[in-house]
Structure formats: C-alpha cells, structure tokens
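Note sheet for the following structure.
The values are calculated or read from the model by the stated rules, or taken from the named source; none is laboratory data. The structure displayed is predicted, hence computed values, not measured ones. Cβ placement follows ideal geometry from the backbone for every residue including glycine, while neighbour counts extend to all protein chains displayed.
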Amino acid sequence: MPELPEVETTRRGIHDHLLNTTVSELIIRNGRLRWPVPSDLPELLRGKTIYSIARRAKYLLLGFEHGTLIIHLGMSGSLRVLTEAFPAEKHDHIDLILNNGKRLRYHDPRRFGSWLWCNTPTKEHPLLKALGPEPLSSDFDAPYLFTKLSARKTAIKQLIMDNAMVVGVGNIYASESLFRACIAPTRSGNSLSLSEVTLLVTAIKETLHEAIAAGGSTLKDYVDSDGREGYFMINSYVYGRAEQPCRLCGTTIKTIRQGQRATFFCTQCQH
C-alpha cells in the first residue's frame, strides 16, 4: 500500500503539471472504487481551476474554488501524468484532462482507492477530522508524543502506526524508525523515557525524509507520477531482512507478528 512517502512523492510529481490548470474533462471508466465515485463529479470539475495540490496523511487534496477533490491511492493505486492520450489499459479507471494538454491518469488494479468530493473545509471531512499531526510538522515533537504515550501500555510500534497518534508512519517506516532509535518494537509506549521518545521522533522524521528523497518504497504495484519505482527498500536496515545479518552489528534480524503485520528488528541493537 502506498504510504506517506509514496503519496508525498506523487504529490510533488504532479504539482507543477496541475497547479493553476483548468479541468477540461473528467473521464470515469470505472467508478466502482472503495466508495463509488460521485456521478456528478465530471460536471463539478469541468471548467474549474486547480488552485492547490496538498497532502493530508495519505490523502491527496486538489483544491478548487468551490471545494476539494480528495484522492486516496488505496492498496494498489497510482497517478501518472501523461502528455498524450495514450490508450487506457485494463485498470486505468479515471482520466483528469487538463487545458494544458496533459492528463492525470488513475490506475488501480484492486480498486480500493477513492475519488471523493468535499465542499466543506477538509478538516471537517469524516475521513480527515480524527487524524493526528503530520510527522514532518512542528506539531509532532517529543513533548507531544511523550504525553500521548504516558498512559499507553500498547506496544510502541502499534502506537506510532495509529493515525490518531501520528499520521503516515506505515509498517515499513515504523520498523525502520524504531531500529534507528534503538527501541524494541514490543516495548509498551509508557515505558519509554523522554530521551528515548526524542530519539524516536527524530528517527521517524529522518526515515520519512529519506524515503521521500528515494521516491518511496516499491512493494508490488506502486510507481510515482512518472512511472518509476521507489528504491528506499534497497537500503533498509531491518524491514524485509529476516534471517539476514544486521547491517550494524551482524546479529540475525528477527521477525514477529504485531497487529497482523510483520515486524522486523535486531535483538542486539534494539532494547
């Protein structure tokens, strides 16, 4: 599933192509996504100008004067900017055609993504209003996280993957951040000292920044807006490296299941 770095990479990739352009047409070939694409969406967008391209958690927000188009890539979705009207392939469900001759094509084999319209402030939308702070923002700092963890006995890895705690720290990046902070993924949230939480916040920010710079991580279907795969996973410390030696100490990387997700860690480096 595309996570925050992949979605941010996509946002940056489409930004200059879409900003201040006008929608000529919206073609919906298959609107049966996670939620049905609104039937009146083509009419709502036709002739309207895109004034902003933002991201909130894993949602892309295309801002218009009269509302916001909310796009989620789901499990296997991707957006590509095309300079020609190339024939649509099997899972190319939506084309957003622009007045500059380009088009934004949405590809989603599993159809678990979404294209939704919001004509109220996005912070009030049901999908967005309960989200925690952005991990790369100043709102996400050690005092904030330490306070949130102080009464929580849940394992720290599961807590930092909770979107009500902080958005966008998916499974890959949670494992990688905990390794960098030298914190075992099984420790309870309230067992962490302020100094450990400070290290963890720094590790999360650094991991996400590096992942964005690398174009995200490719696990199956994800490609960026130019069709390129992300390569962050090439240099991962623990994720996907079960039974391989730790890059720092040589200890065999272990894997366990937490919340039905695979967790990778080094028993020597993380405690």
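Figures for the structure shown
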| item | result |
| --- | --- |
| Meets criteria (crowded, with 19+ Cβ neighbours inside 10 Å, of a type in the set (Phe, Trp, Tyr) and in contact with a helix residue (DSSP H, G or I) (Cβ under 9 Å, 6 or more places away or on another chain)) for Tyr59 | yes |
| Residues satisfying the stated conditions in the range 141-189, i.e. over 13 Å from Leu208 (Cα atoms), among the polar types (S, T, N, Q) and part of a helix (DSSP H, G or I) | Thr147, Gln158 |
| Per-region count, the range 107-140, residues of a type in the set (A, V, I, L, M, F, W, C) and not in a loop (DSSP other than H, G, I, E, B) | 4 |
| Criterion: of a type in the set (Ser, Thr, Tyr), at negative phi and not in a loop (DSSP other than H, G, I, E, B) - qualifying residue of Ser24, Ser39 | Ser24 |
| Test for Thr49: is it modelled with pLDDT under 95 and under 20 Å from Pro38 (Cβ atoms) | no |
| Top-ranked residue of the range 208-246 - restricted to ones that are assigned to a helix (DSSP H, G or I) and more than 10 Å from Ile172 (Cβ to Cβ), ranked as modelled with the lowest pLDDT | Ile234 |
| Count of the range 103-117 residues which are surrounded by 19 or more Cβ atoms within 10 Å (Cβ to Cβ) and either over 20 Å from the mean Cα position of the chain (by Cα) or touching a residue at least 40 places away in the same chain (Cβ under 8 Å) (or both) | 7 |
